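The values are calculated or read from the model by the stated rules, or taken from the named source; none is laboratory data. These figures come from a predicted structure and were not determined experimentally. Here the Cβ is made from the backbone with ideal geometry for all residues, glycine too, and neighbour counts use every protein chain on show. What goes into the accessible areas is simple: the full protein's heavy atoms, side chains included, and nothing from ligands, DNA or RNA. Shrake-Rupley method; radii C 1.70, N 1.55, O 1.52, S 1.80 Å.
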Amino acid sequence: MLRYLTAGESHGPALVTIVEGVPAGVPVTTKAIADELARRRLGYGRGKRMRFEADRLELLGGVRHGRTIGAPVAILVHNSEWPKWVEAMSADPPADPAAASSGRGAPLTRPRPGHADLTGMQKYGFDELRPVLERASARETAARVAAGAVAKALLAELGAHVVSHVVSLGPEAVAEPAPVPGPEQLETVDASPVRCFDPAVSARMVAAVDAAQAAGDTLGGVFEVAAHGLPPGLGSYVHWDRKLDARLAAALMSIQAIKAVEVGDGFATATSLGSAAHDEIEPAGEGLPRRRGNRSGGIEGGMSTGELLRVRAAMKPISTLMKALDTIDLASGEPAKAVVQRSDVTAVPAAAVVAEAVVALVLADALLEKTGGDSLAEVRRNLDAYLASLPSFTATQGDGG
């Protein structure tokens with residue numbers, strides 16, 4: 001129902017995304033997308049590039065006077081560094097090949113352990129890293145955040161909101177169970193240098209980043225994404241590729257450097273008895289049945305339950321270290337130190353913002369799959385009709401059942 005595609009390279013002229021399937025009438029503005037891109041640049045431990053990347057963007061199609069029109073939404077995110085890279089990254093053959101292959105265009109032949117460099121060269125038949133690292137770079141996620149801003153706008157109009165927060169960074173972690181911020185607390189999370197909801201742990205995380213930077217090293221961590229206000233029944237138990245948890249896991253794993261995904265208390269429940277692992281069901285006044293607790297993370301049988309949806313993802317440390325790791329120079333076959341292309345110590349806080357975007361895109365797709373509708377008003381009517389059709393039970397009925 002909702003599809004998107006991104007294109008562009010890290011040091012190319014721009015990134016492009018097209019989001020197809022957005023109903024007409026969703027409020028979308030350049031400023032709203034720019035605000036999300038600014039959040040992606042947040043986070044203690046980021047390199048110099050985040051300080052001068054302005055993420056200037058243009059809405060090229062699908063929006064008129066601040067509302068979507070039902071056509072594909074096209075977004076262009078300019079690269080402020082492009083003037084420095086015109087010769088090295090020109091799409092057309094360079095007028096002076098010698099000049100284009102020196103300086104910034106000099107061949108990179110020392111692949112970084114943990115990066116796409118070596119395997120990408122082998123797969124596509126390149127003799128240097130530049131064509132691989134340009135597209136494999138996490139810079140691509142700026143386009144996904146722009147697309148996610150459109151999905152977030154749709155979800156918000158339907159009463160659903162996606163937030164994220166960092167629960168561990170390097171050796172520092174919040175105590176479990178970690179409090180989950182609501183939409184009204186997102187500004188508080190973003191105000192933390194590492195986007196951690198616990199101020200005391202946030203300070204320790206900052207110290208851990210400083211220690212890693214002093215050692216020329218990098219840090220990974222874990223973030224949590226929560227979706228508030230979802231209806232039950234998004235996704236499906238019928239087909240493997242329509243299961244909501246499978247779709248979310250795939251989307252999160254597609255973010256650069258993500259190595260593990262957990263839904264709800266997934267890993268903890270694996271070591272629990274069944275009697276302690278599942279969320280028992282009870283009546284909730286005159287509304288829909290509710291669950292005691294939320295170990296399932298708001299998903300059962302591949303479908304949303306209507307409870308708070310919680311997913312976590314683990315990000316490995318950045319593979320470019322100032323204290324470069326051992327590799328080989330593919331031009332000579334001799335041992336060497338890996339190429340150094342950027343200087344971030346950690347990108348976990350920013351990755352959590354990217355995760356909000358990809359989660360929002362999956363949820364918006366699943367919601368439109370459930371409701372259908374070519375306009376926001378039609379989607380609302382269909383969703384309201386679906387919710388009204390769900391049987392509700394009073395506490396008395398539940399006690400007597």
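Structure summary
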{"item": "Pairs where the first residue, in region 125-140, is without any contact (Cβ under 8 Å) to a residue 24 or more places away in the chain and open to solvent by less than 20 Å² (accessible area, probe 1.4 Å) and the second is in a helix (DSSP H, G or I) and not polar (S, T, N, Q), C-beta under 9 Å, 6+ apart", "result": "132/117; 132/118; 132/120; 132/121; 132/123; 132/124"}
{"item": "Residues satisfying the stated conditions in region 166-184, i.e. farther than 17 Å from residue 220 by Cα and open to solvent by less than 60 Å² (accessible area, probe 1.4 Å)", "result": "178, 180, 181, 182, 183"}
{"item": "Single unsatisfied condition, residue 298 versus (1) open to solvent by 20 Å² or more (accessible area, probe 1.4 Å); (2) at positive phi; (3) touching a residue at least 60 places away in the same chain (Cβ under 8 Å); (4) of a type in the set (Gly, Ala, Ser)", "result": "(1)"}
{"item": "Residue match in region 100-110 (condition: outside any helix (DSSP H, G or I), touching a residue at least 40 places away in the same chain (Cβ under 8 Å), under 30 Å from residue 335 (Cα atoms) and open to solvent by less than 30 Å² (accessible area, probe 1.4 Å))", "result": "yes"}
{"item": "Unique match (being farther than 30 Å from residue 222 by Cβ, modelled with pLDDT of 95 or more and of a type in the set (Lys, Arg)) among 64, 56, 3", "result": "64"}
{"item": "Odd one out for residue 385, checked against (1) outside any loop (DSSP other than H, G, I, E, B); (2) of a type in the set (Gly, Ala, Ser); (3) within 23 Å of the chain's Cα centre (by Cα)", "result": "(3)"}
{"item": "Residues satisfying the stated conditions in region 232-276, i.e. closer than 22 Å to residue 154 by Cα and in contact with a Leu (Cβ under 6 Å, 6 or more places away or on another chain)", "result": "234, 235, 244"}
{"item": "Among residues of region 83-99, those that are surrounded by 14 or more Cβ atoms within 10 Å (Cβ to Cβ) and assigned to a loop (DSSP other than H, G, I, E, B), counted", "result": "2"}
{"item": "Selection status of residue 361, under 30 Å from residue 190 (Cα atoms), at pLDDT 95 or above and in contact with a Leu (Cβ under 6 Å, 6 or more places away or on another chain)", "result": "no"}
{"item": "Elements of type helices (runs of 4 or more DSSP H) in region 185-291, at least 1 residues being among the acidic types (Asp, Glu) and either surrounded by 15 or more Cβ atoms within 10 Å (Cβ to Cβ) or more than 17 Å from the chain's Cα centre (by Cα) (or both)", "result": "186-191, 199-214, 244-253"}
{"item": "Residues satisfying the stated conditions in region 353-372, i.e. over 18 Å from residue 136 (Cα atoms) and touching a Ser or Thr at 6+ places or on another chain (Cβ under 6 Å)", "result": "356"}
